[in-house]
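Student: This structure is in structure tokens; I'll ask about it shortly.
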Number of protein chains: 2
Amino acid sequence: MGTITADYDCSRRVPVPPSKPFLNSLKTSLKETFFPDDPFRQFKNQPVSRKILLGFQYFVPILEWAPRYTFDFFKADLVAGITIASLAVPQGISYANLASIPPIIGLYSSFVPPLIYAMLGSSRDLAVGTVAVASLLMSSMLGKEISPTENPKQYVQLVFLATFFAGVFQASLGIFRLGFLVDFLSHATIVGFMGGAATIVCLQQLKGMLGLVHFTHETDVISVMRSVFGQFHQWRWESAVLGCCFLFFLLLTRYFSKKKAGAFFWINAMAPLTSVILGSLLVYLTHAEKHGVQVIGHLKKGLNPPSVSELAFGSPHLMAAIKTGIIIGIIGLAEGIAVGRTFAMFKNYHIDGNKEMIAFGMMNIAGSCTSCYLTAGPFSRTAVNFNAGSKSAVSNIVMATAVMMTLLFLTPFFHYTPLVVLSAIIISAMLGLLDYQAAIHLWKIDKFDFFICLGAYLGVVLGSVETGLIIAVSVSLLRILLSVARPKTIVLGNLPNSGIYRSMDQYPSANKVPGILILQIDAPIYFANASYLRERISRWIYEEEDRLKFAGESSLHYVILDLSAVASVDTSGISMFEEIKKHLDRKGLKLVLANPCSEVMKKLDKSKLIESIGQEWIYLTVGEAVAACNFMLHTCKSNPVAVDYNAEDNV
Amino acid sequence: MGTITADYDCSRRVPVPPSKPFLNSLKTSLKETFFPDDPFRQFKNQPVSRKILLGFQYFVPILEWAPRYTFDFFKADLVAGITIASLAVPQGISYANLASIPPIIGLYSSFVPPLIYAMLGSSRDLAVGTVAVASLLMSSMLGKEISPTENPKQYVQLVFLATFFAGVFQASLGIFRLGFLVDFLSHATIVGFMGGAATIVCLQQLKGMLGLVHFTHETDVISVMRSVFGQFHQWRWESAVLGCCFLFFLLLTRYFSKKKAGAFFWINAMAPLTSVILGSLLVYLTHAEKHGVQVIGHLKKGLNPPSVSELAFGSPHLMAAIKTGIIIGIIGLAEGIAVGRTFAMFKNYHIDGNKEMIAFGMMNIAGSCTSCYLTAGPFSRTAVNFNAGSKSAVSNIVMATAVMMTLLFLTPFFHYTPLVVLSAIIISAMLGLLDYQAAIHLWKIDKFDFFICLGAYLGVVLGSVETGLIIAVSVSLLRILLSVARPKTIVLGNLPNSGIYRSMDQYPSANKVPGILILQIDAPIYFANASYLRERISRWIYEEEDRLKFAGESSLHYVILDLSAVASVDTSGISMFEEIKKHLDRKGLKLVLANPCSEVMKKLDKSKLIESIGQEWIYLTVGEAVAACNFMLHTCKSNPVAVDYNAEDNV
């Protein structure tokens, strides 16, 4: 016995970590949970005045980069800003239409929120604007409460209220550093959800394209199709022909800009505005508005009127507004932050998720008080901004200024803009969200992710937007819980001519060590998996015993648990160890642990399990554990469990 | 370059596993998820006739053990069965009182369900019976729907309906092998929840102890206390004195039986029945029922009447019955299975959780059709059964027979049993559920578990039973999600005089390797943690670069990610690797992977990441990775990233 422990270097023992005061470890773990990016790093060792300045710069990033802003940057931002403004105006009107609110609110929403974001946001490329999915969600969720056609004024108030709550929710997620909640919407979920939403948004456009007046309030494919084909005789061919022409034009420019970047980029970027101008001219000249082509009609001149007084907190529909606000808030964040991160990655700068949430939240709160509805960071517009060469958030300011000009002087020009052109613009933008290539990628790499994506898609298309979201989130959560509840246990074998122990499945050349079963547990041990692990480990043991009996080999003496991958245990996990220890004792087997991490050692120590297992049966590596077991097996031929392990040299 | 790869044994490469057909891997993972205990193992390689026999034995365990049953076993079971019957009768009446149903139903419930369990159950020690917490839950949840005092008949029907749904829910959990859902109620949750429930059950007994007629329907401490002290002038001292005497007697016997097992065990086991007999005699002789001591009154003679026709599926309270059924069903299961497993562990036999669920479900379905309400496996009664020397489920049959005799012949004797004795019995049983030692244990080992426990306790005591349950489950889930969302990343260092790399925090003697940062990721990489990990890894890198710059040491060249503990990745995880790769490339650092498991290798391969990282930069161990990096650092003094790694000997 002495030989094992005596020639064993003490520095290579697995130490029991010194116990930390509870408050200290709580502080560390809270910091790791809520401040993993260590945002206050730059504040360290700075004088107070500098700390205050840094604090301002932290919360209002424009203070940080504005002093370094150059004229060259401005030239680039001016071009990018005008480009995205040419998108913002027609899209603003189109999406407002989708949200069943007056088109002018879509324009208002491209004026105030971009200014707020330019001050508070940390992305240099994000182009702020209204988004199609959230617009549709608003009209489908709030339209159930108040009819937008019968009570337009009350409906708009409810939209402002929902926008307000979306902003409050977004800002509080950021302030309370709960940004990680957004991570629970996986990429697969978002691909499926966005694809489904894009599909139903396109289907909704059939109303505009075919010039239909009555249309279903449901969003699922079946209701929409029934509504479209049920009104077959009311289809307006003038409208349909015009719509198809513009759609063809828009898709053609997009196709070419994808194929050849360079010159076609600008054509593509300007296509929506061109369509609006051409369409309006056409209607004006042909008086098509009298032949079944619906037009926008009168738009009020002037900037955003204040709308604080319209936030009806006493409304009986308050709960619906809060619910809608939370859902559209989180969807806006999920898209906006993903978009921001993607482009930040291209240019190699860092986006602080929690700070972005505060910026999004503030811009929507401010928006709801100035007659704007929900804004976020749409992918398509941000990509145009990026490709047009934007250098900073100043491009958003340029866009806002251009929209302001439009509001002040150009609104009469939209009087004759045909709705069908807006539908064509929406369809062409939505087709870009149908990311079938991402779905194929998911299928290739991870089938389960693909099914989550498909579930979200079908949920949205066949049920409703909320159904799709609920399906996707619950399947994602179920996946996490299942993976926690059913961790892998792996039998390790010795790789030939080495002291390395690896999975027998993965490395076919690995050999079992006679008399020893080596198991690796591949997850933290929690209440959720403790009883599964206990059963699975027992099963490994009796399967191994059966196999040995059948093969006529020498019987099992040691079970080594490799705990390298066990990052933590809770009290149920400790009970599991106790029960496995008892179970093995009764079978006359010895439990040996390899490489427990400090948290596991701490808990094993506190629960006195180290004493019952024996400190000398806890090894730094599987190799050392095997060597010790082999030594015992070949030196002490008596039942190895009967040996007295309480040698005096135990630490 | 050649030297690294040439003298490198090919068998020690990390292999890309051969791709399996999707259906095969789906089958394997479904089997691991739903049949981790491999229940059909014994069916393998057996003739058909034997398979059928084994199948019957599998679903009806009595067929398996009955042929081996001996007379000696029967003698032991007879004693144990009579002992638990002496508990079952008074507890049955008491708990029925708690559930606000006629006391006779409590007796019925100790007759049919134990017989069903004896046939289908796999525990040898579990004593079936009514449970206090579920009884209280029923009266608090169903009492809101129908008043038990105003509409007793309809209320009882609703109780049967809830019992039926509890049974259906339990059986379906077992049949669909969803038993692991019960595992999401952690031990800490159950300790807190049971303690809270025991507290409020005790408080409810103040009604009986003080002889109060009117009492609140709320269960929280504040309402109960207000109700008790508000009726100060209606307290009946006769009742209170009698109750305190019996409570003192019961606690005394329990105290002594805990201190000295032997003789006192029987006194303790018989104490409730003795109290009932003594109490009834006392009331009968002194006519105390006319002086404020409430008595049970008339109990109908005869066995359980059928109650199938009373299951009112068309009831307007159907949803309430289903909800109550699910909650009491899962609580019954959680306690019953934990109890069964504990005692199976003592006697070293195995309990199949899913089979137990089917047994519990069938016994409650059968119960709901024969005028019984919810039964489970209470801890106290099972412990008595075990200590009285039970050998098999026959002790349940003996108990059922004894209860049958009581029902047929002895019900008149309970006419004069004072309610206050029943209250004393309930309080004495409940005090055993207040497991303060377990709470202390939790505090010592895992503070977080302690707070979960406390949350559940306070939720039950200050809110309601459902509030407590919801708090406990959501905090437990939050804990899992947080641990998934915030996995640990650990910096590894070299232990002196070895090729072993371990956490620098845990092993203070470990040394950093110059120019190399070694990080271990301690969790599967999922959508829920991918963006956290990306940020955390970037932070480790810039912190290390800052440190090196500050210390004036040589700069960083390699980042080794030890993936030993990464059991799986999804598509978001793969994107994270791609982004880290890009990030490191831009910084001129080289990404090296160590010990990826087969699932990770498979996905890296499918996503072409192996090609972009380079197969020769994926090593079996951290030691080999460090050796290769050191070789590159010291041999090729040029920028190591610029070397051509596509040597022809790459596999």
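None of the figures in this text is laboratory data; all of them are computed from the coordinates on show. Predicted model, so just to flag it, every value in this text is computed and none were measured. Here Cβ is always computed from backbone atoms with ideal geometry, including for glycine, and neighbour counts include all displayed protein chains.
Student: Determine ³J(HN,Hα), in whole Hz, for all residues of segment A:523-530 in sequence, where each value follows from phi through the Karplus function 6.51 cos²θ - 1.76 cosθ + 1.60 and θ = phi - 60°; x replaces Gly and Pro.
Tutor: Running phi through 6.51 cos²θ - 1.76 cosθ + 1.60 with θ = phi - 60° gives 6, x, 9, 10, 4, 6, 10, 4 Hz.
Student: Rg to Rh for segment B:60-199: what is it, with Cα atoms only and Rh by Kirkwood?
Tutor: Radius of gyration relative to Kirkwood radius: 1.00.
Student: A further question on this structure: Looking at this model, which pairs from A:LYS488/A:LYS512; B:LYS31/B:LYS447; A:LYS44/A:LYS355 are more than 26 angstrom apart at the alpha-carbon?
Tutor: Among A:LYS488/A:LYS512; B:LYS31/B:LYS447; A:LYS44/A:LYS355, the Cα-Cα distance tops 26 Å for B:LYS31/B:LYS447.
Student: Same structure again: Determine, from the Cβ-Cβ distance of A:PHE232 and A:LYS444 and an R0 of 35 Å, the FRET efficiency 1/(1 + (r/R0)^6), rounded to the nearest 0.05.
Tutor: 0.25
Student: Based on the alpha carbons, how large is the Rg to Rh ratio for chain B when Rh follows Kirkwood?
Tutor: We get a ratio of 1.11 for chain B.
Student: With both partners inside the protein assembly as shown, how many of the DSSP beta bridges are antiparallel, as a percent to the nearest 5?
Tutor: Beta bridges within the protein assembly as shown, antiparallel portion: roughly 45 percent.
Student: Just the C-alpha atoms of segment B:487-642: what Rg/Rh do they give, with Rh taken as the Kirkwood radius?
Tutor: That ratio is 0.94, to two decimals.
Student: Sticking with this structure for a sec: I need the Kirkwood Rh of segment B:338-431: take the reciprocal of the average 1/r across all distinct C-alpha pairs and report it in angstrom.
Tutor: Result for segment B:338-431, one decimal place: 15.8 Å.
Student: Turning to a different aspect of this structure: At 7 Å along the Cα-to-beta-carbon direction for both A:ILE277 and B:THR635, put a label point, then send me their distance in nm to one decimal.
Tutor: Result: 6.5 nm between the two label points.
Student: OK, next. Taking every DSSP beta bridge with both residues inside chain A, roughly what % is antiparallel (nearest 5)?
Tutor: Around 45 percent of the beta bridges assigned by DSSP in chain A are antiparallel ones.
Student: How large is ³J(HN,Hα) for each residue in segment A:440-455, as worked out from phi by the Karplus curve 6.51 cos²θ - 1.76 cosθ + 1.60 (θ = phi - 60°), to whole Hz, x for Gly and Pro?
Tutor: 5, 4, 4, 4, 5, 8, 8, 4, 5, 4, 4, 5, 4, 4, 4, x
Student: For segment B:273-425, report the % of Cα-Cα distances exceeding 21 Å.
Tutor: 61 percent
Student: Please report, for B:LEU462, the nm distances (one decimal) from its label point, 7 Å out from Cα along the beta-carbon direction, to the equivalent points in the remaining copies, shortest first.
Tutor: 4.6
Student: Per DSSP H run of n ≥ 4, the term is -39500 (n - 2.57); total these for chain B, divide by its residue number, and report the mean residue ellipticity at 222 nm rounded to 500 deg cm²/dmol.
Tutor: The helix contribution divided over chain B gives -19000 deg cm²/dmol.
Student: Another question, if that's okay. Could you tell me the relative contact order of chain A? Use alpha-carbon pairs under 8 Å, at least six residues apart, and round to a whole percent.
Tutor: Computed over chain A, the figure is 22 percent.
Student: Please arrange B:CYS244, A:CYS453, B:CYS597 by how many other C-beta atoms lie within 10 Å of their C-beta, fewest to most.
Tutor: Listed from fewest to most nearby Cβ atoms, that is B:CYS244, B:CYS597, A:CYS453.
Student: Same structure, new question: In segment A:122-222, what chymotrypsin sites (Phe, Trp or Tyr not before Pro) fall in a loop by DSSP, with at most 13 other Cβ atoms inside 10 Å?
Tutor: Listed in order of number, the matching sites are A:PHE176.
Student: How far is helix A:622-635 tilted off the main Cα axis of chain A, in degrees rounded to 10, range 0 to 90?
Tutor: 20 degrees
Student: Tell me which B residue has its C-beta closest to the axis rotating B onto A, and the distance in Å?
Tutor: Value returned for chain B: B:ALA565, 2.
Student: What is the local net charge at B:LEU158, summed over the other residues whose Cβ is closer than 14 Å to its Cβ (Lys, Arg +1; Asp, Glu -1)?
Tutor: With Lys, Arg at +1 and Asp, Glu at -1, the net is 0.
Student: Starting from the Cα of A:LYS300, draw a straight line to each of the lysines and keep only those under 18 Å, dropping any in the same chain fewer than 8 residues away.
Tutor: Counting by Cα, and skipping residues close in sequence, A:LYS300 has these lysines nearby: A:LYS153.
Student: While we're here: Just to verify a number: FRET efficiency for A:ASN348 and A:LYS587, C-beta to C-beta distance, R0 = 60 Å, to 0.05?
Tutor: The value I calculate is 0.55.
Student: Ok, one more. Any idea what the B:GLU32 label distances to the other copies are, label 7 Å down the Cα→Cβ vector, nm, shortest first?
Tutor: 2.6
Student: Shifting gears a bit: Ranking B:ILE427, A:ILE84 by Cβ neighbours within 10 Å, fewest first, what do you get?
Tutor: If I rank by nearby Cβ atoms, fewest first, I get B:ILE427, A:ILE84.
Student: From the phi angles alone, apply the Karplus equation (6.51, -1.76, 1.60; θ = phi - 60°) to segment A:553-561 and give each ³J(HN,Hα) in whole Hz, x where the residue is Gly or Pro.
Tutor: These are the phi-based 3J(HN,Hα) values: 8, 5, 6, 7, 10, 10, 10, 9, 9 Hz.
Student: Scan chain B and report its longest stretch carrying no trypsin sites (Lys or Arg not before Pro) that are both in a DSSP loop and have at most 16 other Cβ atoms within 10 Å.
Tutor: B:302-607
Student: Rounded to the nearest 10 degrees, what's the angle between the helix B:571-587 long axis and the longest principal axis of chain B, both from Cα atoms, 0 to 90?
Tutor: Compared with the principal axis, the helix lies near 30 degrees.
Student: Could you calculate the contour length gain from A:LYS20 to A:GLU32, that is, 0.36 nm times the residue separation minus the distance between their Cα atoms, to one decimal place in nm?
Tutor: Taking 0.36 nm per residue and subtracting the Cα distance, the gain is 2.7 nm.
Student: If I model a spin label at A:GLU150 and A:LEU318 as a point 7 Å from the Cα along the Cα→Cβ vector, what separation in nanometres do I get?
Tutor: 2.4 nm
Student: Under a no-solvent Debye model with one identical scatterer per Cα of segment B:125-197, what's log10 I(q)/I(0) at q = 0.21 Å⁻¹?
Tutor: Rounded to two decimals, the profile gives -1.12.
Student: Moving on to the next point. For chain A, find the longest principal axis of its Cα atoms and tell me its angle to the long axis of helix A:22-34, 0 to 90°, nearest 10.
Tutor: 40 degrees
Student: While we're on this one: Below 8 Å between Cα atoms, with a sequence gap of 6+, how large is the relative contact order for segment A:105-181 in percent?
Tutor: Contact order relative to length: 19 percent.
Student: How long are the semi-axes of the equivalent ellipsoid of the protein assembly as shown, taking √(5λ) for every eigenvalue λ of the Cα gyration tensor, in whole Å from largest down?
Tutor: Output for the protein assembly as shown: semi-axes of 60, 45, 28 Å.
Student: Placing a label point 7 Å from Cα toward Cβ, how far apart in nm is A:SER147 from its equivalents in the other copies, listed shortest first to one decimal?
Tutor: Sorted ascending, the copy-to-copy spacings read 4.3 nm.
Student: With a sphere of radius 12 Å drawn around the Cβ of A:LYS444, what net charge do the other residues whose Cβ falls strictly inside it have (Lys, Arg +1; Asp, Glu -1)?
Tutor: +2
Student: Using Cα pairs under 8 angstrom and six or more residues apart, how large is the relative contact order of segment B:487-642, in percent?
Tutor: Here the relative contact order equals 21 percent.
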